[in-house]
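Novice: Please find one structure pasted underneath; my questions will follow.
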Amino acid sequence: MSIPRRRFLKMMLGAAATLTAGKVFGLTGTNLEVVSNPYAYPPEYRGWEDLYRDEWTWDSVSRSTHGVNCTGSCSWMVYEKGGLILREEQAADYPEIDPALPSVNPRGCNKGACYSAEYVNGDRRIKYPLKRVAGTARGAGQWQQISWDQALTEIADQVIATIQDHGQDALTFFTPIPAMSPVSFSSGVRLAHLLGGVVCSFYDWYCDLPPGSPITLGEQTDVAEATDWVNAKYMILWGSNPVLTRIPDAHFVTEAKYRGCKVLAIYPDYAASSIRADRWLSVNPGTDAALALAICQRLIATGQYDAAYLQEQTDMPLLVRTDTGEYLREADVFAGGSPDQFYFWDAGLQPAPMASLDLGGLSPDLSGSHLVDLDGGAQVTVETVFDRLTARLNANHTVAQAAAVTGVGAAVITGIADEIGAAGISSGGQVMIMHGAGTNHWYHNDLNNRAMLLMLSLVGAIGKNGGGFNHYVGQEKIWPVNGLKALSFPQGGGAQRFQNTTVWAHVHAELEDQPTGLSQTTRGYIFDSVANGWMPLHPEGALGTDKNSFVNNGVPLRDPKMMFIWRANWFNQAKGNNYIEQSLYPKLDMIVDLNFHMDTTALYADYVLPSASHYEKYDINTTDMHSFCHPFTPAIPPMFDSKSDWQIFQALAAKIQERANGYSYPDPKWPGGIRYLSSLLNDFTNNGAIAADIDATQFLLDHAPETVGMTVAGITAQPQRFNNTTTWTSNLEAGRPYTAFLKNTEDKDPYHTLTGRQQYLIEHEWFVEAGEDLPTYKPPVVAAGEEAYPLLYNTPHGRWAIHSTWRNAKQMLRLNRGGPICYMHPTDMTSRGLVDNDWVRMFNNHGQVIIRVKEMPSEKTGRVTMYHSWERYVGVKEQLANFNSVTGIRIKPTQLAGGYGQLHFALNYWGPTGVQRDTRVEVEKYNG
Ligand code: SF4
């Protein structure tokens, strides 16, 4: 009902009179009258209030969540009325793990609370299939609305032509983080699997993978759920900023403190989580390994370590030949002996148990050197890993040496080490590192990881509730991982082409070669790694045969030709953004993006297919932050012309089958060696059994020990904790928060490493060449071409976005300066003549971005911070640019290693990480 302005003013006068006289007046016609019950007053004057009342009526309520790689995995209830989504509310009905423990309820964050407003009903929603207007450039934003049939036909024809002209490995598929919506993940991956296309990695590419974990523990990552934080006696927030980036779980830090946990924060800047800590150490950027190793040196020097733990769980007692620096093996001692049997010393040479970590009453020496008879009659001196490591620490990593590089005083380091030692030994290992991207995005991230792991091993903290290396970067934990594999790769992983994205992007974007300080340049190590079969590179033959010239120089190389991207803002988030645009994208004949909003990747695509939002489809969502399974369910059907990812790729499979007209092609990867497109749709849907989204979701639940027995209806009624038996490093127990590596510490299962133990000695020749056979510290690297730029470039995760999602959201932009900014210390601003809110040009040899600067006294001098993920088109001047316009793609040679125990390529497990924290830039006032 509309109210004329004149009448409304009279009503206001009536209300004022009410206040002054203590009586209630109403309006009849043009007269004011005293009324006894204002709520019963003529409804014609109260109808406007229905606007608000109607907000609290609805037709249906559905359960869903957000698949944005936030790690929150919060269950929400979504309210629908008249076919439209009104809003969302936190479900807050997770069961309790134990009533004595703090609850995981309620879960949510500022971003999730405006998902429906910003994305489901937002003005950037992709409504129809779009095709880039012929003759316009990618990124120009010129679109033609087309029908689904036209879009699918043209894309299917391009797929078939690519296979025929360039081979199936010229088809590239990128989608990240299955845990955030595994059915959507599987949709395109399953099509890639059936076609012979290449599935790209993401966990390493986004630099979420901590390489020290596979190196030391033989695991990609496994961590404690957030509830276990309250079991810690000593917690170190090391490059992890949970107050900003783990909003649903940050309260567990405070609750740990209520229970007596001491909290130490280690960041160069006074990050938001510092306020939750008992002490904050402002380390110099990139020196974390030096600090960790000095703590290790102090712990060993003062005897503050858990000897029994080291004997059983680690390679510390294993014997190493002093002549080769390699483990003593049975093959060294006996003719025909095993190369995989290792030794320690317990009143004599003893084979270390390999089938179990149980020492069976043995007590191997941690120290000592001995003369051992070798096969053939020679003798060699052997010593323990522990002694070799101790000698290295005493030589290179003392407290005084660390103080000189970290900027942390020697007395402080000593005090911290003693606190950690005392807490660890007295509690049996309840010392926890909450590890984040702040320390993992460095070129030497593996050294950071290994140093911190060593510190935790010394106090017996890995594989303990309240302890461990809890690396919270990325929503990497797909609990029912076997269900995901069954849905994604029906013929098994052996029939699938996988690709480390960092290598793929580096080669195809033609990054400049780099000296490494070792015997070869980056290019040489890539070439050897691929030639050795350690790392894949697709399309096969992309390197040519000449190590020194594999980047396009006239040699006919094979290029990727077609790329599918879904559930990702791949281009926006790609390091080396300008190289991707200028060298990689021109090689791609067609880029197809599935999206529900016009992000940067969609903007630069050739076809954009409208996908269902998070509130319009079936799927599940899991995270390492808690141990509960809950679903996405559709509150409404997909809006406009959109479809779920599962339905889009299914429709494309049908169209490819139709257009292929019986075409088949050889593929040695595929069982039988021939791929038949004539059965593509039935292969995709298991003959119709998993054609519907809900059936694909149930299929996934049915094929994993963590979820078998669960139903979509059951987890829709209420989230359920995963089953006790898991494929991860611990099983789940009722009443006990999940923590990692209990199968090793409690069940005595060997680790998935060469030695079956936490392994600190890596004998691989490339590690030895780099001087990284044992944990060590190396300073940040200055890339060739970046020497002239004085500021370290820091790109952390922020408060007002989850990666690029919500970066363009009005409600979030209102909470900061409304556009991309960088943060600098006042000293660095003054020396450049800058004042707060100036437009500045941040630049280096890779490119530039023009943004505003914000003064931040809590920033470290010598560093500039720009929170990551700003879209290329948001708030910048002169040209489309973003936070990745000043990054390159760096590859650390040791991360290309293979053919050694736990060092073997596997998707998202082992391969070069997309590091960028060592990048250097300059900032100057922009006068354009
Ligand atoms: Fe939770 Fe993530 Fe949604 Fe935020 S965006 S409410 S953290 S699921």
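Derivation of every value follows stated rules applied to the coordinates shown; laboratory data play no part. Note that the structure is a prediction, hence the values are computed from the model and not measured. Every residue, glycine among them, receives a Cβ derived from its backbone with ideal geometry; neighbour counts consider all protein chains shown.
Novice: Using a Cα-Cα cut-off of under 12 Å, which aspartates and glutamates could be cross-linked to Lys860, ignoring same-chain neighbours fewer than 8 residues away?
Specialist: Candidates past the 8-residue exclusion: Asp269, Asp828.
Novice: Another question, then. Can you give the direction-averaged projected area of the convex hull of the alpha-carbon atoms in the chain, in nm²?
Specialist: 44.2
Novice: By what distance, in whole Å, do the Cα atoms of region 419-542 stretch along each of the three principal axes, largest value first?
Specialist: 57, 44, 24
Novice: With a sphere of radius 12 Å drawn around the Cβ of Trp870, what net charge do the other residues whose Cβ falls strictly inside it have (Lys, Arg +1; Asp, Glu -1)?
Specialist: Net local charge, Trp870 excluded: +2.
Novice: Let me ask something else. With θ set to phi - 60°, apply the Karplus curve 6.51 cos²θ - 1.76 cosθ + 1.60 along region 368-380 and write out the HN-Hα couplings as whole Hz, x wherever there is a Gly or Pro.
Specialist: 3J(HN,Hα) across region 368-380, in whole Hz: x, 10, 9, 9, 10, 7, 9, 4, x, x, 6, 10, 9.
Novice: Additional query: Tell me, Phe722, Phe571 in order of fewest to most beta-carbon neighbours within 10 Å?
Specialist: Phe722, Phe571
Novice: What aspartates and glutamates sit close enough to Lys111 to cross-link, taking a C-alpha to C-alpha distance under 16 Å and skipping anything fewer than 8 places away on the same chain?
Specialist: Cα-Cα hits under 16 Å: Glu88, Glu89, Asp249.
Novice: Follow-up. Among the lysines, which have Cα under 16 Å from the Cα of Lys748 when same-chain residues fewer than 8 positions away are ignored?
Specialist: Straight-distance partners of Lys748: Lys464.
Novice: Listing Asp559, Asp358 from the residue with the fewest other Cβ atoms within 10 Å to the one with the most, what is the order?
Specialist: In increasing order of surrounding Cβ atoms, one gets Asp358, Asp559.
Novice: Can you work out the Karplus-derived ³J(HN,Hα) for every residue in region 708-721? Use 6.51 cos²θ - 1.76 cosθ + 1.60 with θ = phi - 60°, whole Hz, and x for glycine or proline.
Specialist: Result, rounded to whole Hz: 4, x, 7, 10, 4, 5, x, 6, 6, 5, 6, x, 10, 6.
Novice: Could I have the simple spin-label model distance between Arg46 and Glu330, label points 7 Å from Cα toward Cβ, reported in nm to one decimal?
Specialist: 8.7
Novice: Related question: Calculated from DSSP H runs of 4 or more alone, at -39500 (n - 2.57) each and per residue, what is the 222 nm mean residue ellipticity of the chain, nearest 500?
Specialist: -7500 deg cm²/dmol
Novice: For region 296-356, which chymotrypsin sites (Phe, Trp or Tyr not before Pro) are in a loop by DSSP, counting at most 14 other Cβ atoms within 10 Å?
Specialist: Phe334
Novice: Grab the other residues whose beta carbon is less than 12 angstrom from that of Lys778, score K and R as +1, D and E as -1, and report the net.
Specialist: Around Lys778, the surrounding residues sum to -2.
Novice: Provide Cys296, Cys261 in ascending order of the number of other Cβ atoms located within 10 Å of each residue's Cβ, fewest first.
Specialist: Ascending number of Cβ neighbours within 10 Å: Cys261, Cys296.
Novice: Net charge near His444: determine it from the other residues with C-beta under 12 Å of the C-beta of His444, scoring Lys and Arg +1 and Asp and Glu -1.
Specialist: +1
Novice: Report the GluC sites (Glu not before Pro) located in region 89-123 that are in a DSSP loop and have at most 16 other Cβ atoms inside 10 Å of their Cβ, or state none.
Specialist: Glu96
Novice: To check you understand DSSP bridge types, tell me what percent of the beta bridges within the chain (both residues inside) are antiparallel, rounded to 5.
Specialist: Here the share of antiparallel DSSP bridges comes out near 60 percent.
Novice: What is the Cα radius of gyration of region 196-273 over 2.2 N^0.38 Å, N being its residue count?
Specialist: So the Cα radius of gyration is 1.35 times the expected 2.2 N^0.38 Å.
Novice: Evaluate the distance, in nm, between pseudo-label points positioned 7 Å from the Cα of Gln150 and of Val708 along their respective Cα→Cβ axes.
Specialist: Spacing of the two 7 Å Cα→Cβ label points: 4.9 nm.
Novice: Also: Which pairs in the list Lys131/Lys655; Lys127/Lys575; Lys127/Lys643; Lys477/Lys743 are over 21 Å apart, alpha-carbon to alpha-carbon? Mind showing how you got there, number by number?
Specialist: Working: Lys131/Lys655 18 Å; Lys127/Lys575 29 Å; Lys127/Lys643 10 Å; Lys477/Lys743 17 Å.
In this structure, Lys127/Lys575 lie more than 21 Å apart at Cα.
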